[in-house]
Amino acid sequence: MKFNAVETKKDIEQKLHNSSDLKSRTVQFFEKTIVLMYIADITDNVLFNQTLIAPITNYNKPLEKDVITELKEKVLASHEVIEYETIEEAMDDMLSGKSIVIVDGEEKILGLDTEKITTRPVMEPPTSVVVKGPREGFTESIKYNIALIRKRVRTPDLVVNIMDIGELTKTQVGVVYFDSVADKTVVSDIEKKLKKIKIDGVLDAHYLISYLQRNSKSMFKQIGDVEKPDVLVGKMLEGRVGIIVDGSPIVLTMPFVLVEDLQNSDDYYSQPIRVGFVRVLRLLGVILAVVLPGVFIALEIYHYKIIPTEFLVTIMNTRQGIPFSPFVEVFFLVVLFEILYEANLRMPQYFGMAMSIVGALILGETTVNAGLVSPPAVMIVALSGITFYIVPSQAAQFSLLRLAACVIGACLGLYGMLIFCVFILSYLSSFDSYKSAYLAPTAPYIDRDQQDNFKRDLIKNMKKRPKSIANNSKNADRRGDENQL
Amino acid sequence: MKKLKSIFSPRKIIIILLIIVGIITVPGLNMPAMSETEAIVTMLCMDKQDENIVVSATVLSPGPNNVPNYQVFTGSGQTLSNAVDAVSLTIGKEMGFAQCEVMALGENLCDIGVMQTLDFMTRTKKVGRNAYLVSFAGDINDFSESMSNLNKEKSLSLEKILKFDERYTLIKNSNIENFYIGYFNDLSLGVMPKVEIKNTEDDNAIEVASGGQSAGDEAETKSGEKEKKYFVNDGSISIFKKGKRVFDVDSKMVKKANFFVNNEQEGALVIENVDDDLYTDATVIVDVVRKQNEIGVRFDGDTPVYRNHMEIVVFVEQVLGNQPKENLLKRNKDFLTKTLLERIKEKVQNDMQDCIDFCKTNKVDLIDAYKHFYKLTNKKFEEYLKITGKENYLDNIKFEFDIKVSNEY
Amino acid sequence: MKINYRQLSILVFMSFIALKCLALPGLLYVESKNMSMVVTLVLMFVDFIYALLIIDLMKKSNEKNILDFMTRCLGPVLPRIFMAVLIVKYALVVANISKGLEFFVVENFYNSLNWIVFVLPLIILVGFMLYKGIRNIARVSELICWAIFFGCLYIALKSIAGIDVLNFLPAFHEGALPLIKSGYTHMSWFGSSTFLLMLFGKVDFTNEKKLQVVKYSFLAIALVMFVHLVFYGLFDVTSPTHNFCISDISQYSSGQSSIDELSWLVVSLWVTAQAVQLALFGYAMIQAIKFTFNIKSNVFPILFVLIYIFVWSFVGEQTVGLERIFLSHFSSILTIFTAYVIPLILYVGYVVERGKGKPKKKGAKNEKVKVNI
């Protein structure tokens, strides 16, 4: 089909509902009418002028081939010239920042990359702060993000497979992995799931999670999220697959195992002995965060005999005159804590400081003085609240579990808490995330992977890729195959 | 089948069960703290008075500045259960015995037998079998009062005193469990520390030891001075046979029996009239800083032999009497002269012989001879018992002492 | 959904310590006195030998399940009968564990606890684990196994100073007869390896470390023996009055006035161990029901087991002395038959079948059999 430049332009304008940011420019080139079209705010004007307007209008050599070929090969000053056979194809690309060239009477439309990348600079992500180590974080641009990965990986092995997801947004989603390291079945499984997604728009990476995880209704996350390229590359080197979404600074990683959340990128830049200690502390923190208020309630209601006599006296003293049951007391504090957290999170920073003072000092102090709650209960809830953020990525889940633990502790006592804990363990043990057991390498116990579980071995001793993560087992040696080199 | 399966789907079953559990247990959400509904009993005294059982419970209650406040409540009834209920009614709370650390039994109760009481308290009321046991002489109200006085001083408790007591008496662990072990053994012999109650006017010196400022429990005496009840623990013990108290052993004899017990117990020995190059008719007090017993039993023919090899490390603590001033310049170990060593050895041997004589006379095995012979020479000892019987077996045992005294570890 | 060899070893560990650290030592003492430990040691060792024997059969069988293997070795009739008997044995163990757990929880944690409040959460947990299958049970066991081991070790070590070595003398005072009698009476506390029969075809033997089962079995035996040693060393003649070995030795240690906080943690861990052991034998019971009645679905056997636990808890609550069933001739004979006779018959059947099959089979199939042997 041959395109009539003017008609095609009208056609596109109509399809885009005469959108005011759709711009066009008509030029003559060897007696042919050429229409150049672009979307104003997402196109780089300078680049547009340099790659399109200037070369076309200044071209003064004789025409040797047909116009399209001549434009493509000699005139247009761009690193990439795409040919479209339908208006729809051309339009889709134009909407992502490309400029299109419609030559009257030709069978193809040309497209040039003139996209204006508008994104914030590369910064350290606020939830993945490190003391020592790289501070670069992902941005909202998929191109920048891929560039950040490429900067660290100079191998042909890195595969970036980009697809558009979202009927209306056509968001670019990239699947990144190392071809020789990642498990092929996992990659194809992920790609198959991504291709099946039917959704209007993907505004963030988290939109994809429910499509990708097996137990989609589970409160526990089964897909990892990273904000830093060094962490992503580290995970990819172990065989994981990353999913980058344009417009999101979060990169999803799969397979995911729970222990990942107890690990931090800092761990790999610090002394191994310290790392082991800190990881155990994190685990302890998680346990305290979830069960401490529940256990406290259970002890008060059912099992005061466990409490040492001296401490029991303190509790009895502080509880004098408090009108609520231990459950209501702790529950009130937990809810208060959650409200403060939510309010603090969304407040401007300068308000946030004031909020902390109001919350922690004034509210805490006055509730105790007013005889609504006892100081030990405040201490227990505060301790539990602080320990949440040892593992920030699981804080949301843990806060719900904490509430459940409070109810169970009050209803069933310590026995109920024990059953609850085993139930949680059993529930977590039942997950498999892309061929990897959720609690691996602890359950199932994988001897080889203990070098980077709760302790971390010296980097030079970590010779094999982890077995707990589904990866290409034929290429398990981290030092690479000598024959390959 | 498919329909059935969908009805019995695991998710549905779990949700239904959770709902049932929720319905049943939801009152828990509004349950008060247990410490508010139960009286926390830290000590329990029991005795028999006029055909009634009297129970006195020391109850922990909140006090200012996190200092525990102890209150004593008393009740009586025809049975122990009635008496406990009477205390509960007085307090208006269930009695919680989980924190009960001491059980004190009055002499009257000890005389009629304590096993039923202990069984009831441990089985039904769930008093821990590791609670300390103590017998007391005197009125239960006086004992409760003295306990109240003691508890007012935060650092003092009967439990701590009894624990310290173990270093000086032959009771390794004066708790209910050990009493049970003694009761269930062949000899059915039990030992319990014994305390007495006194008034301050009886002996002012000990008031300082028991300490405590008392307001409520003080009573005006005739002279206008405030009189206070306190208890005295001098290390004496009560001996029980088949759960009944048979007699008491004074602290002196307890110390003598102490030489047979195979553990590191301490104490002081007073050696009088020491006369040699260093001492002139002096009374020397030596401190036993370490004692190691090695008890061996055997049969020489048909005669059972009980051999006690003992190594004592002593330290001269005090020398009474006029001594030359040069003695003060001597090193510690020079104080332990050959004569003194001999005298210590002689003293220990005499004390042990006294103890054996006491055991034989009273037919009570404070020295664990039965246990050692039974465990180590089982068959022969059983034959021996057939001849002597379980009452008189001590009579024909030959005792050998091998005592080594030194001042070096 | 297969489990690996390490997980199998841990399940053996869990089954070996199941039931051994609560009422058993006290009950044994009534008949076998201070030599009770010998009874436990011998019977646990026999269980260990049988565990090895069954695992060996498991490795040799190519069948997907025990029923097929039994049918191959013993013909079509006997296996169904054996399965039916095994259901009763597993039911007995499940009842014993759940009853022990109930007593333990009620006596140690609460002043009083409604039986339904006890049993419903347990049913939810066990039901979930059974629904998720053996791999889930194995993984949970893996998670808590070492905590239980070190916890029990801690409790025993803490109390060791209080033991009196003379309590173990005189040795074999009344000869071996009371020990045999005691072993026979308390047989239903043993025969732990029977659950392995239901794991045929469910174990992945690749990457097998041969000594792992031996290691974990010995650890279990050593742990149980050590706990019993401390128990008898502390309590001697009062042993029969102690129903909860593991918590009672911790209460007694060094004259503590109450159980100290860390001991509570360990005592709590024991509850989790009991729950997992219940799920393990519940799983074996489900498999046996499925094989006996040829049921494909898991749902109904699971429901049956859960209802059984529920009913047992209710009946046990209402009927005084029902637990004496565990000390009856019936349960002893049942255990001897299921734990020691059936595996032996199976082994003999397998050897005979292999002997018969050898000359008939030719070529590749024959070679395969040889390789498996």
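The values are calculated or read from the model by the stated rules, or taken from the named source; none is laboratory data. Just so we're clear, the structure is a prediction, and the values are computed from it rather than from any experiment. Using ideal geometry, Cβ is built from the backbone for each residue, glycine included, and neighbour counts are taken over all protein chains shown.
Condition check ((1) part of a helix (DSSP H, G or I); (2) out of contact with any Lys or Arg (no Cβ under 9 Å at 6 or more places or on another chain); (3) under 23 Å from A:SER265 (Cα atoms)) across all residues:
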site: A:ILE117; (1), (2), (3): no, no, no
site: A:THR127; (1), (2), (3): no, yes, yes
site: A:ARG135; (1), (2), (3): no, no, yes
site: A:GLU140; (1), (2), (3): no, no, yes
site: A:ASN145; (1), (2), (3): yes, yes, yes
site: A:TYR177; (1), (2), (3): no, no, yes
site: A:GLU191; (1), (2), (3): yes, yes, no
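Could you please give the count of residues in segment A:438-454 that are at the interface with chain C (Cβ under 7 Å from one of its Cβ atoms) and either under 13 Å from A:PHE256 (Cβ atoms) or in contact with a strand residue (DSSP E or B) (Cβ under 9 Å, 6 or more places away or on another chain) (or both)? So the count comes out to 4. Here segment C:295-323 is the region considered, the condition is being away from chain B (no Cβ under 14 Å), not in a helix (DSSP H, G or I) and not aliphatic (A, V, I, L, M), and the residue that is farthest from B:ILE13 (Cα to Cα) is C:GLY321. Filtering segment C:155-165 to residues that are more than 9 Å from chain B (Cβ to nearest Cβ) and crowded, with 18+ Cβ neighbours inside 10 Å leaves C:ILE155, C:ALA156, C:LYS158, C:SER159, C:ILE163.
Looking only at residues of segment A:311-330 that are of a type outside the set (Gly, Ala, Ser) and more than 8 Å from chain B (Cβ to nearest Cβ), we find that the one that is nearest to A:ALA382 (Cα to Cα) is A:VAL330. Selection of first residues in segment A:355-374 that are in contact (Cβ under 8 Å) with a residue 40 or more places away in the chain and of second residues that are of a type in the set (Gly, Ala, Ser), restricted to Cβ pairs under 8 Å at least 6 apart or on distinct chains, gives the following pairs, ordered by first then second residue: A:GLY371/A:GLY321. Scanning segment A:432-465 for residues that are in a loop (DSSP other than H, G, I, E, B), within 25 Å of the chain's Cα centre (by Cα) and more than 10 Å from C:ARG139 (Cβ to Cβ) yields A:TYR434, A:LYS435, A:PRO441, A:ASN453, A:PHE454, A:ARG465. Here C:ASN62 meets the list (1) surrounded by fewer than 22 Cβ atoms within 10 Å (Cβ to Cβ); (2) over 20 Å from the mean Cα position of the chain (by Cα); (3) assigned to a helix (DSSP H, G or I); (4) not aliphatic (A, V, I, L, M) almost entirely, failing just condition (3). Selection within segment C:126-143: residues that are crowded, with 24+ Cβ neighbours inside 10 Å and under 24 Å from B:ILE23 (Cα atoms). The member of this set that is farthest from the other protein chains (Cβ to nearest Cβ) is C:VAL126.
Criterion applied to B:GLY75, B:GLY106, B:GLY96 was being within 17 Å of B:ASP50 (Cβ to Cβ), small (Gly, Ala, Ser), in contact (Cβ under 8 Å) with a residue 60 or more places away in the chain and in contact with a helix residue (DSSP H, G or I) (Cβ under 8 Å, 6 or more places away or on another chain), and the one residue passing it is B:GLY106. Do you know which of the residues in segment C:1-32 that are surrounded by fewer than 21 Cβ atoms within 10 Å (Cβ to Cβ) and touching an Asp or Glu at 6+ places or on another chain (Cβ under 7 Å) is nearest to C:LEU199 (Cα to Cα)? Residue satisfying both the conditions and the ranking: C:LYS2.
Answer with yes or no whether A:GLY359 is more than 23 Å from A:VAL129 (Cα to Cα) and in the same structural domain as A:LEU284 (by TED's automatic domain parsing).
Against the criterion (more than 23 Å from A:VAL129 (Cα to Cα) and in the same structural domain as A:LEU284 (by TED's automatic domain parsing)), A:GLY359 qualifies.
Return yes or no: is B:VAL54 within 23 Å of A:ALA298 (Cα to Cα), of a type outside the set (Phe, Trp, Tyr) and more than 8 Å from chain A (Cβ to nearest Cβ)? Taking the combined requirement at face value, the residue does not satisfy it. Picking from residues in segment B:97-128 that are surrounded by fewer than 22 Cβ atoms within 10 Å (Cβ to Cβ) and among the charged types (D, E, K, R), the one that is farthest from C:THR241 (Cα to Cα) is B:GLU107.
One residue is enough: does segment B:254-276 have a residue meeting the conditions out of contact with any strand residue (DSSP E or B) (no Cβ under 9 Å at 6 or more places or on another chain), crowded, with 19+ Cβ neighbours inside 10 Å and either at pLDDT 80 or above or of a type in the set (Ser, Thr, Tyr) (or both)? Working first, answer last.
Within segment B:254-276, the subset out of contact with any strand residue (DSSP E or B) (no Cβ under 9 Å at 6 or more places or on another chain) is B:256, B:276.
If we keep only those that are crowded, with 19+ Cβ neighbours inside 10 Å too, we end up with B:256.
Right, trim to either at pLDDT 80 or above or of a type in the set (Ser, Thr, Tyr) (or both) and you get B:256.
Checking segment B:254-276: at least one residue is out of contact with any strand residue (DSSP E or B) (no Cβ under 9 Å at 6 or more places or on another chain), crowded, with 19+ Cβ neighbours inside 10 Å and either at pLDDT 80 or above or of a type in the set (Ser, Thr, Tyr) (or both).
If the requirement is being more than 11 Å from every other protein chain (Cβ to nearest Cβ), out of contact with any Lys or Arg (no Cβ under 7 Å at 6 or more places or on another chain), over 15 Å from C:SER313 (Cβ atoms) and surrounded by fewer than 20 Cβ atoms within 10 Å (Cβ to Cβ), which of these qualifies: C:PHE149, C:PHE168, C:PHE103?
C:PHE149
Of the residues making up segment A:239-276, just one is among the acidic types (Asp, Glu) and modelled with pLDDT of 90 or more, namely A:ASP246. When you go through A:LEU36, A:LEU63 one by one, which is the residue that is part of a loop (DSSP other than H, G, I, E, B) and of a type in the set (A, V, I, L, M, F, W, C)? Only one candidate qualifies: A:LEU63. If the condition is being of a type in the set (Phe, Trp, Tyr) and more than 14 Å from every other protein chain (Cβ to nearest Cβ), then segment A:380-428 contributes A:PHE388, A:TYR389, A:PHE398.
Taking the criterion of being within 9 Å of another protein chain (Cβ to nearest Cβ) and hydrophobic (A, V, I, L, M, F, W, C), would at least one residue in segment B:131-152 satisfy it? Yes, because at least one residue in segment B:131-152 is within 9 Å of another protein chain (Cβ to nearest Cβ) and hydrophobic (A, V, I, L, M, F, W, C). Based on what the data block shows, is C:ILE302 modelled with pLDDT of 90 or more and crowded, with 16+ Cβ neighbours inside 10 Å? The answer is yes for C:ILE302. The residues listed here are C:LYS20, C:LYS33, C:LYS59, C:LYS89; of these, the one that is among the charged types (D, E, K, R) and either within 14 Å of chain A (Cβ to nearest Cβ) or closer than 30 Å to B:GLN99 by Cα (or both) is C:LYS20. The criterion of at least 2 residues that are surrounded by 20 or more Cβ atoms within 10 Å (Cβ to Cβ) and either over 33 Å from the mean Cα position of the chain (by Cα) or charged (D, E, K, R) (or both) is met by the following helices (runs of 4 or more DSSP H) wholly inside segment A:306-383: A:309-319, A:326-346.
Just for segment C:110-125: of the residues that are touching a residue at least 40 places away in the same chain (Cβ under 8 Å) and at the interface with chain A (Cβ under 8 Å from one of its Cβ atoms), which one is surrounded by the most Cβ atoms within 10 Å (Cβ to Cβ)? Per the stated criteria, the residue is C:LEU122.
Listed by first and then second residue, the pairs linking a residue in segment A:58-80 that is assigned by TED's automatic domain parsing to the domain that holds A:LYS32 to a residue that is among the aromatic types (Phe, Trp, Tyr) and assigned to a loop (DSSP other than H, G, I, E, B), with Cβ atoms under 7 Å apart and 6 or more places separating them unless they lie on different chains, are A:LEU63/A:PHE30; A:VAL67/A:PHE30; A:VAL75/A:TYR59. Can you name every residue in segment B:19-39 that is more than 7 Å from every other protein chain (Cβ to nearest Cβ) and among the hydrophobic types (A, V, I, L, M, F, W, C)? Selection gives B:ILE19, B:ILE23, B:ALA39. Looking across segment B:174-195, the residues that are more than 11 Å from B:ARG129 (Cβ to Cβ) and polar (S, T, N, Q) come down to B:SER174, B:ASN185, B:SER188.
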